[in-house]
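Structure, as structure tokens:
The values are calculated or read from the model by the stated rules, or taken from the named source; none is laboratory data. Values in this document were obtained by computation on a predicted structure and should not be read as measured data. When we count neighbours, we look across all protein chains shown, and the Cβ atoms used for this are built from the backbone with ideal geometry, even at glycine. Surface accessibility is based on the protein's heavy atoms, side chains included, excluding ligands, DNA and RNA. Shrake-Rupley method; radii C 1.70, N 1.55, O 1.52, S 1.80 Å.
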Amino acid sequence: PKMKEEHCLHAALLCLGVLCYSHGLSTERLSRARPSLHGHHEKGKEGQVLHRSKRGWVWNQFFVIEEYTGPDPVLVGRLHSDIDSGDGNIKYILSGEGAGIIFVIDDKSGNIHATKTLDREERAQYTLTAQAVDRNTNRPLEPPSEFIVKVQDINDNPPEFLHENYHANVPERSNVGTSVIQVTASDADDPTYGNSAKLVYSILEGQPYFSVEAQTGIIRTALPNMDREAKEEYHVVIQAKDMGGHMGGLSGTTKVTITLTDVNDNPPKFPQSVYQMSVSEAAVPGEEVGRVKAKDPDIGENGLVAYSIIDGDGMDMFEITTDYETQEGVVKLKKTLDYETKKSYSLKVEAANVHIDPKFISNGPFKDTVTVKIAVEDADEPPVFLKPTYIFEVQENAASGTVVGKVHAKDPDAANSAIRYSIDRHTDLERYFVINAEDGNIKTIKALDREEMAWHNISVFAVEVHKQHQEAKVPVAIKVVDVNDNAPKFAAAYEAFVCENARSNQQFITISADDKDDSANGPRFIFSLPPEIIHNPNFTLRDNRDNTASVLVRREGFSRQKQDLYLLPIVISDGGVPPLSSTNTLTIRVC
């Protein structure tokens, strides 16, 4: 078939200022050969000319600029068939996405208009179908073909950051260029068309402390040795601008709050060189004397300080602990003080950081020292006895008024007040003793019996004459020394039995004795018969020399009928000086 015999419906893209038509539509359509009438329709890729083997549609893509707000509908393009002679018998039909609502066609001329403002960010393209039919019979004159209307992007969307506010931390004294945080913005415009979505970051506020990488949005430190103790928080404003940052581009901003975190770059420092403290000599060990505090502007564990005593004449008397809640050193009493012995002490106290950062060791040493002077205050103390306990001795049966011993107390205070003494009568209910109130001499006021009470434990008070509320008390133990004033006696009420058939020299009982006196006055008892019966015809006595004696039969032939009871006197003597003796009677029955 010849070219002039073919009839082809084609679309012409009109360039009306706001429209864009890919070049070569008419040229390609006119220059391509037309196949036979009977064929099938093929659709090519976007941006390419579409062909059909027999009598086909020839298209490029149509373009419509978004956000067009002119008074008249936008002319998108025009459909035209080669068989259209202009007599009005051909009717153009449009169907597909947005047909009749967004896109309308003049069925006579084939002109396509957009009746509504389009937004590429809502929808980027529309697929439509065009067809030419007989106006009277609606018989298709050409098979339908698809074409695409693309919405052309304009720069109508400013960049937007993911967050309105960012928060970031970076250690103080970080090196220049240390990464702090990356902020990211997005642009809804078409990234494939022009520079509408090409973003460039810049810093509006926060210089010269920080900088931002133009392409990545990474914020970095720009100054060395930024000090948290001088300024802790910075407010940075970052701008993202499209169109590659060029004039006319749209922009968006975000705020970034950057906080410098602490490092241990400051040693502790005492605010003064000497601390003055005082403590009463009456204070007890463990009592707080005073507090010192070294200031460290660092925070957290970087500001922790520990205290210690490293020198001074009070190292043995005082100690220091650390109060980690207040960061103070607490000076406490370690031992009891005596104003009269030593009136002042001096300590050298050290405050040192607990945690040290090796990176900042050159800033050290991370410690400081201070002198603590402690004055001991005189306390109104009670009298003090020269001994903690007194032990005296007095012989029993000593005459009333015998001196037992002397106690002595003194006022440890500088006033050295006079002392008065008295006996605690709760400890001497029988009133055996009396004390001289002025000199402390203790005397007896009645006879003492060691066998009745060997020890007397009394308490003596000492009070200051002018301050009787200041009182001291001391125990006094008085030992009653034994004298030999008790003769030995039978240890029990002995009763012996001898049989009628008892033989001569037969032992029938062993006796022992007791002596109330101390053993020193009777280390051994001596047993004997009185001189007048030493030659008793019936019994003999043998001293066993172990504080016992045995009674033996002298002759045989006892008769119960003649005499059934004998009373034998026995003399018992002690070894005291002078020796004492007693005569005890032994009852002997004949059985």
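Side notes on the structure shown:
- Subset of the stretch 247-294 [farther than 30 Å from Ile361 by Cα and small (Gly, Ala, Ser)]: Gly248, Gly249, Ser251, Gly252, Ser278, Ser280, Ala282, Ala283, Gly286, Gly290
- Residue that is part of a strand (DSSP E or B), farther than 23 Å from Glu66 by Cβ, open to solvent by 70 Å² or more (accessible area, probe 1.4 Å) and of a type outside the set (Phe, Trp, Tyr), where the choices are Asn169, Asn175, Asn136: Asn169
- When residues of the stretch 411-448 are limited to those that are of a type in the set (Gly, Ala, Ser) and within 59 Å of the chain's Cα centre (by Cα), the one nearest to Lys342 (Cα to Cα): Ala414
- Residues (charged (D, E, K, R) and assigned to a loop (DSSP other than H, G, I, E, B)) located in the stretch 219-228: Asp227, Arg228
- Number of residues in the stretch 178-206 that are assigned to a loop (DSSP other than H, G, I, E, B) and either out of contact with any Gly (no Cβ under 8 Å at 6 or more places or on another chain) or not β-branched (Val, Ile, Thr) (or both): the value is 15.
- Some residue of the stretch 220-232 being buried (at least 19 other Cβ atoms within 10 Å of the Cβ), within 23 Å of Asn165 (Cβ to Cβ) and more than 33 Å from the chain's Cα centre (by Cα): yes
- Residues of the stretch 245-277 that are outside any loop (DSSP other than H, G, I, E, B) and exposed (fewer than 13 other Cβ atoms within 10 Å of the Cβ): Val274, Gln276.
- Odd one out for Asn457 among (1) open to solvent by less than 50 Å² (accessible area, probe 1.4 Å); (2) farther than 30 Å from Asn538 by Cα: (1)
- Candidate set: the stretch 357-377, residues that are touching a residue at least 40 places away in the same chain (Cβ under 8 Å) and open to solvent by 70 Å² or more (accessible area, probe 1.4 Å); chosen: the one nearest to the chain's Cα centre (by Cα): Lys367
- Asn175 being free of Cβ contacts under 8 Å to residues at least 60 places away in the same chain and within 30 Å of Tyr209 (Cα to Cα): yes
- Qualifying positions in the stretch 295-311 - open to solvent by 70 Å² or more (accessible area, probe 1.4 Å), modelled with pLDDT under 95 and closer than 19 Å to Pro271 by Cβ: Ile299
- Close pairs from the stretch 565-584: first within 18 Å of His535 (Cα to Cα) and modelled with pLDDT under 90, partner surrounded by fewer than 19 Cβ atoms within 10 Å (Cβ to Cβ) and of a type in the set (Val, Ile, Thr), Cβ under 7 Å, at least 6 apart: none
- In the stretch 66-83, the residue that is surrounded by the most Cβ atoms within 10 Å (Cβ to Cβ) out of those that are farther than 30 Å from Leu141 by Cα and not charged (D, E, K, R) is Tyr68.
- Selection within the stretch 84-122 - aliphatic (A, V, I, L, M) and either in contact with a Lys or Arg (Cβ under 9 Å, 6 or more places away or on another chain) or under 25 Å from Asn155 (Cβ atoms) (or both): Ile90, Ile101, Ile102, Ile112, Ala114, Leu118
- Of residues in the stretch 431-448 being surrounded by 15 or more Cβ atoms within 10 Å (Cβ to Cβ) and not hydrophobic (A, V, I, L, M, F, W, C), the one nearest to Asp411 (Cα to Cα): Gly440
- Against the list (1) modelled with pLDDT of 95 or more; (2) part of a loop (DSSP other than H, G, I, E, B); (3) among the charged types (D, E, K, R); (4) not assigned by the TED database to the domain that holds Ser179, the condition Lys231 fails is (4).
- Verdict on Gly329 being among the small types (Gly, Ala, Ser), open to solvent by less than 20 Å² (accessible area, probe 1.4 Å) and assigned by the TED database to the domain that holds Gly290: yes
- For the stretch 121-133, taking the residues that are in contact with a Gly (Cβ under 9 Å, 6 or more places away or on another chain) and within 16 Å of Ser81 (Cβ to Cβ), the one that is most open to solvent (accessible area, probe 1.4 Å) is identified as Thr129.
- Checking the stretch 180-200 against the condition returns no match, with no residue being among the aliphatic types (A, V, I, L, M) and open to solvent by 70 Å² or more (accessible area, probe 1.4 Å).
- Positions within the stretch 378-390 being open to solvent by 60 Å² or more (accessible area, probe 1.4 Å), assigned to a loop (DSSP other than H, G, I, E, B) and either without any contact (Cβ under 8 Å) to a residue 12 or more places away in the chain or closer than 25 Å to Asp313 by Cβ (or both), in sequence order: Asp378
- Inclusion of Asn89 among residues that are at pLDDT 90 or above and out of contact with any strand residue (DSSP E or B) (no Cβ under 6 Å at 6 or more places or on another chain) is not warranted.
- Out of Arg545, Arg554, one residue alone is in the same structural domain as Asn505 (by the TED database), surrounded by 13 or more Cβ atoms within 10 Å (Cβ to Cβ) and among the charged types (D, E, K, R). It is Arg554.
- Scope the stretch 278-293; condition open to solvent by less than 30 Å² (accessible area, probe 1.4 Å), closer than 24 Å to Thr341 by Cβ and under 25 Å from the mean Cα position of the chain (by Cα); matching residues: Gly290
- Test: Lys446 is assigned to a loop (DSSP other than H, G, I, E, B) and of a type outside the set (S, T, N, Q): yes
- For the stretch 506-514, the count of residues that are modelled with pLDDT of 90 or more and open to solvent by 70 Å² or more (accessible area, probe 1.4 Å) is at least one.
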